[in-house]
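Let me begin by presenting the structure, written as structure tokens, before commenting on it.
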Amino acid sequence: MSSNKKVLGLIFSNMHDDTITDLTKERTMGSVLFGGRYRLIDFPLSSMVNSGIDEVGVITKSNYQSLLDHLGSGREWDLASKNGGLHLLPPFSNVSSGMYRGRLEALYGVWDFIKNSDADYVVLSDCDVVANIDFTKVVDAHISSGADITAVYAKDVLSVEQAQRATVFGINDDGRIIDVLLSPYMSGACNVSLNMFVIAKEFLKNIVRETSSRGLVSFEKDILQARTHDYKMMSYRFDGYFSRICSIDTFYKANMNLLNTENRNKLFLDNRPIYTKVRDNPPTKFAIGAKVKNSLIGDGCIIEGTVENSILFRGVKVGKGAVVRNSILMQDTNVGAKCEISCVISDKNVVIGDMRMLTGSQNYPLYLGKAAVI
């Protein structure tokens with residue numbers, strides 16, 4: 001960090017599981033597949049590593065087996081080290097804590113880990129935002145402003161439905177947060193929280209101690225909103241490319257947006273790569289007569305039919321004469337011969353028999369659960 005201060009990263013992997021329940025029945029929000037080869041946790045984790053944060057704790061709650069498999073020792077993120085490194089923090093880390101109900105209880109549950117870190121500052125992040133952010137600049141802005149809490153936000157135009165799954169800030173000309181709206185009934189241009197915060201470790205300790213003694217659980221409601229005028233809360237505007245995942249619809253659109261080269265170039269930067277677990281798969285095989293247009297294709301796929309405007313994860317098979325359009329097919333999905341698939345999200349290991357026709361819409365994609373057989 002350019003501030004020469006030690007920074008600890010904390011990532012909440014389960015905080016928004018209820019927004020895409022179809023995809024999080026058997027996994028955490030952080031381990032939801034994205035973009036043909038990534039998991040959602042790869043984005044905040046890579047952003048932290050690229051910002052020089054060499055100690056990261058991942059706070060889990062439930063259904064975290066796939067997350068454990070994905071993160072492993074942290075080697076892909078250069079976090080497999082004796083000093084610092086990657087730490088997986090399951091519930092009940094603190095013997096006096098229970099299953100947490102909100103961010104504050106989660107912090108209380110892992111406080112022994114935070115306490116034993118020699119960090120001066122803590123960066124908090126969820127897994128519901130796809131972005132490539134330089135946390136060095138956020139920490140430096142936090143220090144220079146003398147803020148108690150610095151919250152990262154972005155300008156976005158929200159529908160009423162999206163706003164009801166968002167935290168919206170009122171910000172004055174000095175960048176100070178003067179109002180916090182939780183799930184507001186509104187639409188239009190908003191200052192939307194990206195659920196990323198910077199706090200001094202000592203200040204965070206005081207917050208966790210006080211709120212735990214008062215039985216408070218929600219960081220947004222009991223700290224950001226309730227203490228807006230008591231604490232100096234500053235904002236940091238992120239102007240880069242981002243996508244908020246707050247529904248199955250926004251998940252679909254966030255993936256589809258990556259088919260635009262300009263969006264990919266804004267998200268995947270040469271000097272700030274997004275790391276993920278690497279698997280030794282063979283290259284994709286394109287059979288004679290296969291047609292692929294404007295699609296992202298993972299390793300180990302076998303394409304015998306037509307694929308257009310779609311995202312295929314590793315190991316997907318598209319049979320002869322099959323047509324796949326505007327769809328997201330996750331790992332090891334098997335599409336039979338002469339199928340017609342449009343606007344479909346298939347989870348892992350789905351089998352679609354020969355000559356099936358499945359159609360959703362771009363506003364309401366058809367979701368096929370894990371290991372479904374059609």
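The values are calculated or read from the model by the stated rules, or taken from the named source; none is laboratory data. Bear in mind the structure is a predicted one, so any value in this text is a computation, not a measurement. All Cβ positions, glycine included, derive from the backbone under ideal geometry; neighbour counts span all protein chains shown. What goes into the accessible areas is simple: the full protein's heavy atoms, side chains included, and nothing from ligands, DNA or RNA. Shrake-Rupley method; radii C 1.70, N 1.55, O 1.52, S 1.80 Å.
For the stretch 200-302, the spread of Cα coordinates along the three principal axes comes to 67, 31, 28 Å, biggest extent given first. Kirkwood radius for the stretch 81-230, taken over all pairs of different Cα atoms as the inverse mean of 1/r, rounds to 16.7 Å. Can you give the log10 of the normalised intensity I(q)/I(0) at q = 0.12, 0.14, 0.15 Å⁻¹, computed with Debye over equal Cα scatterers of the chain? The Debye formula, applied to the Cα set alone, gives -0.91, -1.18, -1.32. Taking the stretch 275-374, how much of its Cα-Cα pair set, in percent, is spaced more than 17 angstrom apart? Of all Cα-Cα distances in the stretch 275-374, 43 percent exceed 17 Å. With Cα atoms defining each centre, the stretch 110-158 and the stretch 323-352 are spaced 38 Å apart in the structure.
Probe radius 1.4 Å, ligands and nucleic acids ignored: give me the carbon and sulfur share of the accessible area of the chain as a rounded percent.
46 percent
From helices alone, the chain scores -5500 deg cm²/dmol at 222 nm; the rule is -39500 (n - 2.57) for each run of n ≥ 4 DSSP H residues, then divide by the residue total.
With the simple spin-label model, which puts each label point 7 Å out from Cα in the Cβ direction, the Ile374 to Phe286 separation comes to 2.5 nm. Counting only the backbone N, which residues of the stretch 217-254 are under 18 Å from the spot 7 Å out from the Cα of Ala189 toward its beta-carbon? Of the residues in the stretch 217-254, 236-242 have backbone N under 18 Å from the label point off Ala189. For the options Tyr108, Tyr231, Tyr121, a Gaussian network treatment of the chain with springs between C-alpha atoms closer than 10 Å singles out Tyr231 as fluctuating the most. Sorting 260-268, 39-47, 247-255, 306-314 by their mean Cβ neighbour count within 10 Å, with the most densely packed peptide first, gives 39-47, 306-314, 247-255, 260-268.
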